[in-house]
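Undergrad: Sending over a structure as structure tokens; questions will come in a sec.
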Amino acid sequence: MLFGFEKNREIIPEIYRSLDQQELVMNFLIQYNSCVKDEMKIPLIYGKQAKNIREVFYNFIKDIFKVKFGKIKTVFRCNGFHARRLIFQTKKIKKYDLDQIFNIYHNGIYFNAQSLFSDYVYDKISRQNSDKIIDQQRDFIIIDKKIAIWALCKKIDIYNLEIEDEIQKISTFIKKNKFEKLYIVCPRNKNFKHFVEIKHFLCDLNKTMLKLVPYKISNQLIRRNKCQ
């Protein structure tokens, strides 16, 4: 299950195919920004102006080539284009790796959708809970050893809920740990907008509250003691 684009096509996992094109572009860009180094992040404004994922990188590069900059550090050539390696004179000096960004635009990039979503959830929860101890164990995110969050890139339909396999998968995990709460978070969609509390004998046995939670893919941080 891959998510991204190549030169001539987009690679969209089934879970996101119901999104309109603008939502799809922003969905990818927000998750992309959460898992790449700072000099590779693309400001969200370029996603809002793009008709497809590849155009995000095109719009950014096109804008960079036209902007007048404060400090010119070096001059380099990219596939026939002349561009200036720069440092933006803003309150927070930010560098961009234009070579790598151009390479993505030219050749494409795609991610494992599950890993991308898991890293996005981890990044967002870490930023919302900077005062807490956050640990990532594969697709599980542990907060202060009390709350566990399983980031699961799966399409959920509360009118036809099929999560028996997932419950079985985490049964041993629940049994071996003494978490106060365990959330399974999945991408939000039109048929999954509210949490579902799951009753299971292992949860009752260990007094662990288990909830299935719709997780909105957004750059907005919510300052409260919740997993989303």
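Undergrad: What distance in nm separates the simple spin-label points at Glu162 and Asp131, each placed 7 Å from Cα in the Cβ direction?
TA: 4.4
Undergrad: What are the equivalent ellipsoid semi-axes of segment 113-215, built from the alpha-carbon gyration tensor (square roots of five times its eigenvalues), in whole angstrom, biggest first?
TA: In descending order, the three semi-axes are 20, 19, 11 Å.
Undergrad: Sort Val36, Val25 so that the residue with the fewest other Cβ atoms within 10 Å of its own Cβ comes first and the one with the most comes last.
TA: Val36, Val25
Undergrad: Over 20 Å between Cα atoms: which of Lys51/Lys155; Lys175/Lys211; Lys41/Lys190 fall into that group?
TA: Check vs 20 Å cut-off fails for Lys51/Lys155; Lys41/Lys190.
Undergrad: Same structure again: Find which of Ile156, Phe117, Ile133 sits farthest along the positive direction of the dipole of segment 113-215, computed with +1 on the beta-carbon of Lys and Arg, -1 on that of Asp and Glu, about the Cα centre.
TA: Ile133
Undergrad: Same structure again: Once fully extended, how much extra length lies between Lys207 and Asp63, figured as 0.36 nm per residue of separation less the alpha-carbon to alpha-carbon distance?
TA: Taking 0.36 nm per residue and subtracting the Cα distance, the gain is 46.4 nm.
Undergrad: Another question, if that's okay. Which loop GluC sites (Glu not before Pro) in segment 106-173, with loop taken from DSSP, have no more than 11 other Cβ atoms within 10 angstrom of their Cβ?
TA: For GluC sites (Glu not before Pro) across segment 106-173 that sit outside H, G, I, E and B with at most 11 neighbouring Cβ atoms in 10 Å, the list reads Glu162.
Undergrad: So if each residue of separation counts as 0.36 nm, and I subtract the Cα-Cα distance between Thr172 and Arg9, what length gain in nm does that give?
TA: 54.6 nm is the gain from fully extending Thr172 to Arg9.
Undergrad: What is the fewest-to-most order of Tyr122, Tyr32, Tyr110 by other Cβ atoms lying within 10 Å of their Cβ?
TA: The order, fewest Cβ neighbours first, is Tyr110, Tyr122, Tyr32.
Read the figures in this text as sums done on the coordinates, not as results from a lab. What you are looking at is a predicted structure, and each value in this text was computed from that prediction instead of being measured. As a convention, Cβ positions derive from the backbone with ideal geometry for all residues, glycine included, and neighbour counts pool all protein chains shown.
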